[in-house]
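**Student:** Quick one: the structure is below, questions incoming.
What follows draws every value from the coordinates through simple rules; no lab data is involved. Computed from a prediction, not measured in an experiment: that's the story for all the values here. Positions of Cβ are backbone-derived with ideal geometry, glycine not excepted, and every protein chain shown enters the neighbour counts.
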Amino acid sequence: MKDQRKRLPVAERIRKGLEEAIRHAKGEITLKTTTLELPDPPPEVGAEELAELQLAGGMSQAGFARLLNVSTKTIQSWEQGQRKPSQAALRLIQVFRHNPSGLLEVAGMSGPMITSSVGKPTGAVRRTSRS
C-alpha cells in the first residue's frame, strides 16, 4: 500500500533543498551522489546505407517505417538525403544493425513485411532463403 504521508508544499521543499546545499557547501554534510556512465551517441547513417539496411533486412520501405515507428514518407526523405533521422531513430537503426531479428521480435514482427499491390503492408510475414 502507498505511503500516506503528505508531501511538503513546493516552497518548503525548495527551502529545505537550499538549506541542504548550503550545509553541503560548508562541509557540514555529505550528499549522496550517483555516477552514471552515459553511452556514446548513436552513429550517423547515410542515405545509401539506410536503403541497404532496409533491403538487407528484406523489408519494404513501409515495413521498415513500421519497424522504426515513422511514416513511409520519413523513410523516403532519409533515403533521398532530404532529412536526417533523429537521435532516437538512429539508436533504433543502430540496434537493427546489431541485432535485426531481436528488434523485429520486440516490435512483434517475425520477418520481412509483404506489401500488397498498392504498397500497403499486409501484416503478413514471409521468410525467404537465398542460395
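**Student:** Place the peptides 91-100, 63-72 in order of packing, highest mean first, counting for every residue the other Cβ atoms within 10 Å and averaging per peptide. Write down the numbers at each step before the final one.
**Tutor:** Numbers: 91-100: 16.4, 63-72: 19.5.
Packing proxy ranking, top to bottom: 63-72, 91-100.
**Student:** Work out how much length LEU38 to ALA11 would gain on full extension: take 0.36 nm times their residue separation and subtract the Cα-Cα distance, in nm to one decimal. Write out the running numbers ahead of the final one.
**Tutor:** Working: separation 27, 0.36 × 27 = 9.72 nm, distance 3.23 nm.
This chain segment gains 6.5 nm when fully extended.
**Student:** Can you list residues whose amide H is under 5 Å from LYS84's amide H, if they're 5+ apart or on another chain and H is modeled 1.01 Å from N?
**Tutor:** Here the answer is none, since no amide H 5 or more places off falls under 5 Å of that of LYS84.
**Student:** Provide ILE75, ILE29 in ascending order of the number of other Cβ atoms located within 10 Å of each residue's Cβ, fewest first.
**Tutor:** Numbers: ILE75 26, ILE29 11.
Final ranking by Cβ density, sparse to dense: ILE29, ILE75.
**Student:** Once phi is turned into θ = phi - 60°, what whole-Hz ³J(HN,Hα) does the Karplus curve with 6.51, -1.76 and 1.60 give for every residue of segment 40-51, x standing for Gly and Pro?
**Tutor:** The phi angles translate into 5, x, x, x, 5, 9, x, 4, 5, 5, 4, 5 Hz.
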